[in-house]
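Bear in mind these aren't lab numbers, they're just calculated from the coordinates by the rules spelled out. Note that the coordinates shown come from a computational prediction; the quantities given were computed from them, not determined experimentally. Here Cβ is always computed from backbone atoms with ideal geometry, including for glycine, and neighbour counts include all displayed protein chains.
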Amino acid sequence: MKQNSSKNNAINKILMVIFGIIFLFVIYELFYLGVKNTNILPSLKEIFNQFGILFIDKITYISLGYSLLRTILSILIAFLIGTVLGVLTGLFNKLEYFLKPLITLCKCIPVPCFIYLLFIFFLENKDIAVIIVTFLIIFPIIYESSKSGIQNIDNNIILALRLDGGLYKANSIFKVLLKEDFPYILLSLVSSGGLAIKVEITSEILLGSHNIKGIGRSIFLAKDDLNFAKLYALVLFIVFIFVVIDIINYFIKKIIKKIN
């Protein structure tokens, strides 16, 4: 009975999502009929035609590949630095106050400000600028999670390591502390992945016509050419990518829960 009930709930949720998507398309179609400006609001047929073209065009995947590559590099750098500083902060509380201004700066400054400032310093290599921007947004999330993981370790474990005189030894850090901290770090990576891609694409769009390859540049060029059907198709393509990422994240979170 419970299995049937859970299956019915899952089916109902999927149906509601489908109805929600249909509702959005109906709203768009009403706007399309009301505005009667096919340049700004192309028909759904035109958009889906462009979406189909994008889906089979290798250039779309090359652009997406560049965006994802920079995003992955940013996340890896944020993971390494954020984990190291998070563990150190968890072990040495005073370090948290020393790093607080930097973390606050990363959290508070709007993304466009980071982008414009870094593009000034990296005129010749915009790829580095975009990687740094994405890193600055993701780094505080991973740092905070890593720090929380260390601070939430059972006191009995910490006391046992202290009594053995090995709290700060490499074996204790890598085999005990990082092992306890890992679920927190992994969840932060899963949660920040979507945000990292958004920041990456935003950076590419704001960079505009400069020489940088990526899906954001494709959006900028579609807007510049007043090709709104392609622009909306690209947005749909990005939404599709995020749906795939969310599905992957869902299964990763389930695995993490089972491990814990």
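Below are the figures for this structure:
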quantity	calculated
Counting all C-alpha pairs of the chain, share separated by more than 22 Å (%)	66 percent
The chain: angle of helix 215-224 to the longest principal axis, Cα-based, in degrees nearest 10	30 degrees
Integer Hz, Karplus 6.51/-1.76/1.60 couplings in order for segment 100-114, x for Gly and Pro	4, x, 5, 5, 5, 4, 4, 6, 8, 5, x, 3, x, 5, 4
Structure-based [θ]222 nm, the chain - -39500 (n - 2.57) summed over DSSP H runs of at least 4, per residue, nearest 500	-29000 deg cm²/dmol
Residue 43/residue 250 FRET efficiency (R0 35 Å; Cβ-Cβ; nearest 0.05)	0.55
q = 0.14, 0.15, 0.23, 0.32 Å⁻¹: log10 I(q)/I(0) that the Debye formula gives for segment 31-80, counting C-alpha atoms only	-0.59, -0.63, -0.82, -1.05
